[in-house]
1. For segment 26-38, which positions are over 18 Å from Met1 (Cβ atoms) and not in a helix (DSSP H, G or I)?
2. With respect to the numbered conditions (1) assigned to a helix (DSSP H, G or I); (2) in contact with a helix residue (DSSP H, G or I) (Cβ under 8 Å, 6 or more places away or on another chain); (3) more than 16 Å from Lys61 (Cα to Cα), which one is the sole condition not fulfilled by Val23?
3. Residues being open to solvent by 70 Å² or more (accessible area, probe 1.4 Å), at pLDDT below 80 and either within 14 Å of Glu5 (Cβ to Cβ) or among the polar types (S, T, N, Q) (or both): count how many of those fall in segment 39-70.
4. Quick one: what pairs do we get from segment 1-24, first residue without any contact (Cβ under 8 Å) to a residue 12 or more places away in the chain and farther than 13 Å from Thr50 by Cα, second open to solvent by less than 40 Å² (accessible area, probe 1.4 Å) and of a type in the set (A, V, I, L, M), C-beta under 7 Å, 6+ apart or different chains?
5. Which of (1) charged (D, E, K, R); (2) in a helix (DSSP H, G or I); (3) open to solvent by 60 Å² or more (accessible area, probe 1.4 Å); (4) modelled with pLDDT under 95 does Lys8 not meet, given it meets every other one?
Amino acid sequence: MRLSEWLKKCDLKQADFAKIVGVVPPTISRIIKGSRQPSSALIAEIERATKGKVTWEDWRKSRRDLPESQ
């Protein structure tokens, strides 16, 4: 599941989720837009915070979906 989908499903704002995983809100926004790739540590923290609903495999899949120019 994509992080944006999970946030919408849980009715959680990006800013609130950023606090949960210990980053500033623009980081979450950039990750969702695809302009920033999360670190391995952040991916692990997101997976923990989403109770396994957003996984490392989801990041790998979503990375393949990005246009070549990114």
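1. Ser35, Arg36
2. (1)
3. The total comes to 4.
4. Val24/Ala18
5. Only one criterion in (1) charged (D, E, K, R); (2) in a helix (DSSP H, G or I); (3) open to solvent by 60 Å² or more (accessible area, probe 1.4 Å); (4) modelled with pLDDT under 95 is unmet by Lys8, namely (4).
The values are calculated or read from the model by the stated rules, or taken from the named source; none is laboratory data. Please read these numbers as outputs of a predicted model, since none were measured by experiment. FYI the Cβ positions are ideal-geometry reconstructions off the backbone, even for glycines, and counts take in every protein chain you see. Surface areas here come from the heavy atoms of the whole protein model, side chains and all, with no ligands, DNA or RNA. Shrake-Rupley method; radii C 1.70, N 1.55, O 1.52, S 1.80 Å.
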